[in-house]
Amino acid sequence: MSFEALGLSPAILRALAEQGYDAPTPIQQAAIPLVLEGRDLLAGAQTGTGKTAAFTLPLLQRLFADAAPVGGKRRPRVLILTPTRELAAQIHENVRAYAKHLRVFATTIFGGVGMGPQIDALRRGVDILIATPGRLIDHLERRTVDVSGIEILVLDEADRMLDMGFLPQMKRVLNALPKQNRQTLLFSATFADQIKALAREFMRDPAEVQIAARNSVVATVTHRVHPVDASRKRDLLLELLSRDSRRQTLVFGRTKHGSDKLAKFLDQHGLRTAAIHGNKSQNARTRALADFKNGKITVLVATDIAARGIDIDQLPLVINFDLPMVAEDYVHRIGRTGRAGAEGLAVSLVSHDEARLLRDIRRLLKQDIAIENVEGFEPSSPLRLDGNGGGGQPKPNQAARKPNHARRPHAQGPKGQQPKPHAAANKQRSWRGGRDARKA
């Protein structure tokens, strides 16, 4: 099937061709016709499957491809709600690329930066608004944004917004939007019960598309576990990375401080490394992401939330230096590799105190993960994964740790603490025909 067969306009097809896209992915084939029909949509797809284009292309077609320029001040017709600044910036870049040959204005609003440039962009008028929940609530309270004309709402990575504690903000936004004739598109990697409940409350008879099975990972990713004593983890990581120092690798740490220490350790041993997390300045985060994408650095150490805007088609390797405290985060982490049909490898360095976490991940994936010792780094005793004592069990008088989404390490609060985007996005530019109309 071609994009042309999906009914997209010549202007959008031209932009896609210039991006090198010639055929839609499965989620695009399934979602685009339904969105063009005006249906509400509940879509399940993993990251890297082309889901941003699955909602961006048809909404551009529906509202802007055949529309003549309107007089007077523009007000937003599309609201795309997303959990983090990085993801908002990434979506903004994609919208700009796909609408390059259309008369469309778009901007992003997010926390952690001044509201002045955002207010200026909104006053000039926009067609598409890409926002994080907390900052959008700030603008609604100040009456600096008009959402009365929203025709299409997109909830992207809805499961992540719930994990980050945004449900109250999401409901406030939904209640502020027009209810009549509004089309709602909800995209999520997983369909938790809360997602279903949200859909029942705010969507009208949604069509349902599930490209990947619940909590599944793409088939092109190979999973591997290297057991190791906690005291030797850093050395094992250095050994694995040094085997091919030119290979781009995303390394996940559990804490911000730990990620900084790990990045410094690797850099001191000759690997071009940077860290990215919520405590980094905007310039530092932007620079690290840009350097990783263009190959100036080969290793990026990241916390879970900070990695949400990383979008690299050919990332061959993801390493879990620390296992996530919540098994579902494993799926999100390794979704950074094996994208767009490419082969990917997900390696986890697992110490004895993480055995319980590994059992949770295997149970979630419903499959075994290959466990391979690395010569010279064999653990002092084997991992115990049968659940009958051993690694991962709480010590006497020590309560077992339970996942708590609201208090998960690195989870930023709803307002003003989403990850920071690329510098270009922070300038709050409105654009027209793919070119900046004016600078903030």
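The values are calculated or read from the model by the stated rules, or taken from the named source; none is laboratory data. What you see is a predicted model, and the numbers here were worked out from it, not measured in a lab. Cβ placement follows ideal geometry from the backbone for every residue including glycine, while neighbour counts extend to all protein chains displayed.
Points worth noting:
- If only residues of region 263-289 that are assigned to a helix (DSSP H, G or I), touching a helix residue (DSSP H, G or I) at 6+ places or on another chain (Cβ under 8 Å) and of a type in the set (S, T, N, Q) are counted, the one that is surrounded by the most Cβ atoms within 10 Å (Cβ to Cβ) is T286.
- Exclusive hit being assigned to a helix (DSSP H, G or I) and more than 21 Å from the chain's Cα centre (by Cα), set L198, L237: L237
- Whenever a residue of region 143-158 is among the acidic types (D, E), its partners that are assigned to a strand (DSSP E or B) and modelled with pLDDT under 95, lying with C-beta atoms within less than 8 angstrom and at least six residues away or across chains, give the pairs D156/F187; E157/F187; E157/S188.
- Members of region 111-130 found to be crowded, with 21+ Cβ neighbours inside 10 Å, closer than 13 Å to V145 by Cα and in contact with a Ser or Thr (Cβ under 7 Å, 6 or more places away or on another chain), listed by number: A121, L122, V126, L129, I130
- Test: residue in region 142-151 that is aliphatic (A, V, I, L, M), assigned to a helix (DSSP H, G or I) and modelled with pLDDT of 85 or more: no
- D260 vs. criteria part of a helix (DSSP H, G or I) and surrounded by fewer than 21 Cβ atoms within 10 Å (Cβ to Cβ): yes
- Note on region 179-194: residues that are surrounded by 14 or more Cβ atoms within 10 Å (Cβ to Cβ) and either of a type in the set (D, E) or at pLDDT 85 or above (or both) total 7.
- Test: L300 is under 17 Å from L345 (Cβ atoms) and modelled with pLDDT of 95 or more: no
- Selection status of F292, of a type in the set (A, V, I, L, M, F, W, C), in contact with a Lys or Arg (Cβ under 7 Å, 6 or more places away or on another chain) and either modelled with pLDDT of 85 or more or surrounded by fewer than 23 Cβ atoms within 10 Å (Cβ to Cβ) (or both): no
- Condition met for H92 (touching a helix residue (DSSP H, G or I) at 6+ places or on another chain (Cβ under 8 Å), buried (at least 21 other Cβ atoms within 10 Å of the Cβ) and farther than 25 Å from Y330 by Cα): yes
- Listed by first and then second residue, the pairs with beta-carbon distance under 8 Å, at least 6 apart or on different chains, first residue in region 243-256 and more than 17 Å from A288 (Cα to Cα), second part of a loop (DSSP other than H, G, I, E, B) and of a type in the set (V, I, T), are S245/T298; R254/T303; T255/T303.
- Of all residues in region 328-384, those satisfying the criterion of being among the basic types (K, R), under 24 Å from the mean Cα position of the chain (by Cα) and surrounded by 14 or more Cβ atoms within 10 Å (Cβ to Cβ) are R333, R336, R339, R362.
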